[in-house]
Amino acid sequence: MELCSSSSSSSSLLRICSSSAPEISFSSSISQFPSKTQLNLTKPRFQNLRICASVTAETHQGLPRDSPQRLLKELAQRKTATGPKKKVPPKRFILRPPLDDKKLAERFLNSPQLSLKSFPLLSSCLPSSKLNNADKTWIDEYLLEVKQALGYSLEPSESLGDDNPAKHFDTLLYLAFQHPSCDRARARHVKNGHSRLWFLGQYVLELALTEFFLQRYPRESPGPMRERVFALIGKRYLPKWVKAASLQNLIFPYDDMDKLIRKEREPPVKSVFWALFGAIYLCYGMPEVYRVLFEVFGMDPDADECQPRSRRQLEDVDYVSVEFEGKKLAWQDIATYKPPEDALFAHPRLFRACVPPGMHRFRGNIWDFDSKPKVMQTLGYPLPMNDRIKEITEARNIELGLGLQLCFLHPSKHKFEHPRFCFERLEYVGQKIQDIAMAERLLMKHLDAPGKWLQEKHRRLLMNKFCGRYLREKRLHNFIIYSEEVHDRYEHNRRLRNPATTAVQQAIHGLAYTIYGKPDVRRLMFEVFDFEQIQPKAV
C-alpha cells in the first residue's frame with residue numbers, strides 16, 4: 001500500500017491509493033513518513049483536527065505486523081496525540097473549600113452588619129466587610145460633592161453619637177452610588193451593599209408617593225394616582241431628576257449622560273436613585289424622603305406631564321374629612337405632620353383619606369352584627385391598647401369595625417353611586433405597605449444575600465395568587481359583600497373570585513397600617529396569614 005498526495009493552491013488532500021499489495025496494513029500507512037509529521041485534512045468538518053503521527057518502525061518490532069495488539073497500541077497513541085486540549089475553567093468558577101468554623105465565626109462577628117443592636121434594619125444594609133482604602137479614596141474625592149448637592153452637612157457622619165442612625169450615612173451614601181457599571185462594583189461587599197439598598201429604596205419611594213397622593217387627592221381613585229406616581233419615578237423620567245440635582249457626573253464620570261442611549265443611561269440612574277432613597281430612609285426616615293424628592297430633585301406633582309389621562313369620572317357626592325375640604329395638601333404638610341397625643345390611630349390623616357366619613361351610615365347593619373365578630377376574631381382584633389380614656393378605646397374599635405366593613409365592600413356594591421365606598425384606596429396603600437414590610441423582613445433574615453436574589457424571593461412570596469389563597473384559607477372570603485347581580489358569578493368563578501380575595505387581603509393590611517401602624521402589618525403577614533409558610537399546618 002502506498003500513500004499518494006496531490007497538492008493544490010489551498011490545501012493538501014490525503015488519498016490512499018491501493019497498489020500490488022492485496023491487504024491493507026494500518027502500520028504501513030505511516031512507515032514512509034518521518035516521525036512527528038502533521039497531516040491536514042481538507043474536509044470542512046475536520047479543519048480543526050490535527051493528526052500527529054509519532055510512531056516509528058522500531059517501536060513495535062516485537063509484535064507481528066497484523067497483530068491486533070499492535071493496531072490497538074497505534075490507535076491509543078494517535079488518540080493521545082489528536083485529542084483536544086481541555087479548557088481550564090476560570091478561577092472564579094472553581095469551588096473553594098468552605099471556611100472552617102473559626103474563620104466563619106470571625107467573619108460574621110467582625111462584619112459591620114452585626115454591629116448595631118438598636119437598628120437591626122440599618123445594620124442589615126451595611127456592607128458585609130469593612131471599607132478598604134479604595135472605598136475610602138472614593139469617599140474622600142466625591143462624598144462632599146454628593147452631600148452638598150443633597151443639602152446635608154459636610155461634616156463626617158462618624159462624629160455623631162452611636163444612638164443616631166445617621167452615623168452610618170456616609171457609608172450608605174457611598175454604597176448608593178456604586179451602581180453595577182462602575183469601577184468599584186466588582187468588590188463583593190460593595191456590589192451586595194448597593195443592591196440591598198436599591199431593593200429597599202424602590203418600595204420606600206412607592207409608599208412615600210402613595211401616602212402623598214392619597215392625602216393630596218382624597219376623592220381620586222387609585223388608577224389616576226398610579227399614573228401620577230409613574231410620571232414622577234418611572235425609569236424614563238429619572239435621568240431628568242438626577243440632572244436637576246447635578247448628580248449625573250457622579251453616576252457617569254467618563255460619559256455625557258445626554259449622549260448615551262436609553263438602555264445604557266436608565267439602568268444605572270434607576271439603580272442609584274433607588275439606593276439613594278434606601279439610604280435616606282434608613283438614616284433619616286420618611287420626612288427626609290419627601291424633602292429630597294420635592295426640594296432637591298424638584299419634582300412637581302402639578303406639572304402638565306404628571307397629570308393622568310382624562311377619563312370618565314364618577315360623580316362623588318359624599319363628604320371628605322374636614323382637614324381635606326377646600327385645600328390641596330403640599331409635601332411640607334405631609335412631611336411635617338405629627339399626630340396628636342390622644343389620636344385614635346397611628347396614621348389618623350391617612351385613615352381619614354381612605355375611609356370616608358359617610359361609612360358611619362353602615363353601623364348596625366347585618367354585616368356589622370353577623371360577620372364582623374367572626375372577622376375580628378380571625379384577625380385577632382381589637383388589639384389591647386393603653387389609652388388614658390376609655391372612650392378613646394371605644395371610638396377606635398368602632399372605626400376599626402367600619403374600616404373592616406370597607407375592606408370587604410366590593411366595588412360592585414356601591415361604587416357607581418358612591419365611588420369611595422369600596423376597598424380600592426385601602427387596597428392601594430395595603431399593597432405598598434406589605435411590599436416594604438416583606439422587604440425589611442428579607443433584609444434582616446438574609447444578611448449576605450444580594451439584592452437581585454432578595455427581589456426574586458420577594459416577588460415569589462407576594463404573588464397575587466398567594467395573597468388571595470391565604471385569605472381563603474382563613475375562610476374570610478365568605479364575608480365579602482358583592483352586589484346581588486354578580487354574587488353568584490364571583491362565588492363560583494375562580495377567575496373573578498381570586499382577584500377579589502387578593503384585593504380584600506391587601507386592603508386589610510392597609511387598614512392595619514393606618515390604625516395600628518407597621519407592627520400590626522407584620523403580625524398579620526407573618527403570624528395570622530403566614531406569608532412565609534413556615535408555621536405548622538393543622539392536621
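The values are calculated or read from the model by the stated rules, or taken from the named source; none is laboratory data. As the structure is a prediction and not an experimental result, all values here were calculated from the model. As a convention, Cβ positions derive from the backbone with ideal geometry for all residues, glycine included, and neighbour counts pool all protein chains shown. SASA here: full protein model, heavy atoms, side chains in, ligands and nucleic acids out. Shrake-Rupley method; radii C 1.70, N 1.55, O 1.52, S 1.80 Å.
What is the gain in length, in nm to one decimal, between ASP256 and SER67 on full extension, counting 0.36 nm per residue of separation less the C-alpha to C-alpha distance?
Stretched fully, the ASP256-SER67 segment lengthens by 60.5 nm.
Counting Lys +1, Arg +1, Asp -1, Glu -1, what net charge surrounds ILE436 among other residues with beta carbon under 11 Å of its beta carbon?
+1
Contour minus end-to-end for ASP140 and HIS446, with contour as 0.36 nm per residue of separation and end-to-end as the Cα-Cα distance?
That works out to 107.1 nm of additional length.
Is the C-alpha gyration tensor of segment 175-218 telling us rounded, prolate or oblate? Criteria: a/c under 1.5 is rounded; beyond that, a/b larger than b/c is prolate, otherwise oblate.
The shape class here is prolate.
For segment 253-372, what is the charge dipole size about the Cα centre, in debye to the nearest 20, if Lys and Arg each add +1 at the Cβ and Asp and Glu each add -1 at the Cβ?
That gives a dipole near 340 debye.
What length, rounded to one decimal in nm, is gained on full extension from ARG494 through to ILE366, with 0.36 nm per residue of separation minus their alpha-carbon distance?
43.5 nm
Roughly how large, in nm² to one decimal, is the mean projection of the convex hull of the alpha-carbon atoms in segment 361-419?
4.8 nm²
Compute the signed sum of charges (Lys and Arg +1, Asp and Glu -1) over the other residues within less than 13 Å, Cβ to Cβ, of LYS413.
-2
What order do you get for 404-412, 152-160 when each peptide is scored by the mean count of other beta carbon atoms within 10 Å, highest first?
Highest to lowest by the protection proxy: 404-412, 152-160.
In debye, nearest 20: dipole of segment 197-239 around its Cα centre with unit charges on the Cβ of K, R (+) and D, E (-)?
140 debye
Sticking with the crude label model, points 7 Å out along Cα→Cβ, report the distance from GLU527 to GLU323 in nm, one decimal please.
With each label placed 7 Å out from Cα toward Cβ, I get 2.7 nm.
Taking the Cα centre of segment 309-349 as origin and charging only Cβ (+1 Lys, Arg; -1 Asp, Glu), how large is the dipole, in debye to the nearest 20?
400 debye
Using the Karplus curve 6.51 cos²θ - 1.76 cosθ + 1.60 with θ = phi - 60°, work out ³J(HN,Hα) for each residue of segment 499-515 in order, rounded to whole Hz, and write x for Gly and Pro.
My calculation for segment 499-515 gives x, 5, 5, 4, 5, 5, 5, 5, 5, 4, 5, x, 5, 4, 5, 5, 8 Hz in order.
What does the charge count around MET525 come to, taking other residues whose C-beta lies under 12 Å from its C-beta (Lys +1, Arg +1, Asp -1, Glu -1)?
Every neighbour counted, the sum reads -2.
Could you work out what % of the accessible surface of segment 215-302 is carbon and sulfur, using a 1.4 angstrom probe and leaving DNA, RNA and ligands out of the count?
That share works out to 50 percent.
Can you give me the Cα centroid spacing of segment 268-299 and segment 127-175 in angstrom?
Centre-to-centre (Cα) distance: 15 Å.
Of all accessible surface on segment 441-530 at a 1.4 Å probe, what whole percent is carbon and sulfur?
47 percent
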